[in-house]
Structure formats: structure tokens, C-alpha cells
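The values are calculated or read from the model by the stated rules, or taken from the named source; none is laboratory data. Please read all numbers here as calculations on a predicted model, not as lab measurements. Counting neighbours? That spans all protein chains shown, and the Cβs are built from the backbone with ideal geometry, glycine included. These accessible areas exclude ligands, DNA and RNA; they are computed on the full protein's heavy atoms, side chains included. Shrake-Rupley method; radii C 1.70, N 1.55, O 1.52, S 1.80 Å.
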Amino acid sequence: QVQLVESGGGLVQAGGSLRLSCAASGRTFSNYAMGWFRQAPGKEREFVAAINWSGLSTAYADSVKGRFTISRNNAKNTMSLQMNSLKPEDTAVYYCAAATSPVDVKITFMYRYWGQGTQVTVSS
């Protein structure tokens with residue numbers, strides 16, 4: 001069992017920045033690939049970014065590539081998402097998730113553990 005808790009969401013103007021954090025507890029954090037997903041009202045949950053167990057391999061959705069950066073600190077059992085140049089279309093609830101050896105990091109059902117989510121609102 002892995003417990004995940006997100007933090008760092010809030011309200012920001014377009015062009016601004018936010019840093020989301022995900023704190024993990026339970027089983028060995030470094031055993032898991034980690035991902036960020038988001039869900040806007042009336043839309044399906046979508047992939048944002050993912051990072052492998054070592055932190056050496058990352059993946060991003062095209063919509064955030066070049067603006068968002070995912071990172072992890074296995075010694076502190078944390079993962080972060082630095083979000084720059086935010087746009088109103090980035091507004092959503094952001095979730096962190098953990099998976100063991102996902103075949104495709106962009107697919108939600110590959111992830112077994114999920115946090116409760118944190119709201120990000122970008123005003124125009």
C-alpha cells in the first residue's frame with residue numbers, strides 16, 4: 001500500500017508558475033514509477049507527466065512539454081511538478097499516481113495508487 005498526498009495547488013494568473021508536490025508513504029517509493037494526471041470539469045482524466053523509478057527517464061504530454069518539469073527525490077519520498085507559463089486551459093484537479101513497471105505511463109489504469117488531488121486554477 002502506498003499513500004500519496006498532493007499539495008501546492010492554488011489560483012494563479014496566466015503566465016505564472018506553480019510547483020506541485022506529492023508526498024508518498026508506505027512501501028518503498030523508489031519501487032514505483034510516478035505520474036501526474038489532471039482532470040478538468042466535464043472531461044476525462046488525462047496524462048500530464050511521468051518519471052521512472054530512478055528519475056532518469058521522463059515523459060510529457062505534448063500540451064505541457066517545455067513548460068512543465070517533473071522530478072523526484074527518492075531519499076525524501078517526494079515528487080514534484082514545476083509548472084511555468086501557465087495557461088487557463090491548465091485549470092484542473094491534478095493527481096499524482098504510482099505504478100509498478102507500467103507498460104505505458106500515459107494510461108491511467110497502469111497506476112495502482114492515487115492521491116486525492118489538488119486544484120489548480122489559472123485565470124486569464
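Any residue at all in the range 1-21 that is modelled with pLDDT under 95 and closer than 22 Å to R112 by Cα? Yes; the residues of the range 1-21 include at least one that is modelled with pLDDT under 95 and closer than 22 Å to R112 by Cα. Among the residues making up the range 1-13, those that are more than 17 Å from Q82 (Cβ to Cβ) and open to solvent by less than 60 Å² (accessible area, probe 1.4 Å) are V2, L4.
Residues that are at pLDDT 95 or above and in contact with a Lys or Arg (Cβ under 8 Å, 6 or more places away or on another chain) within the range 100-124 comprise V120, V122, listed in sequence order.
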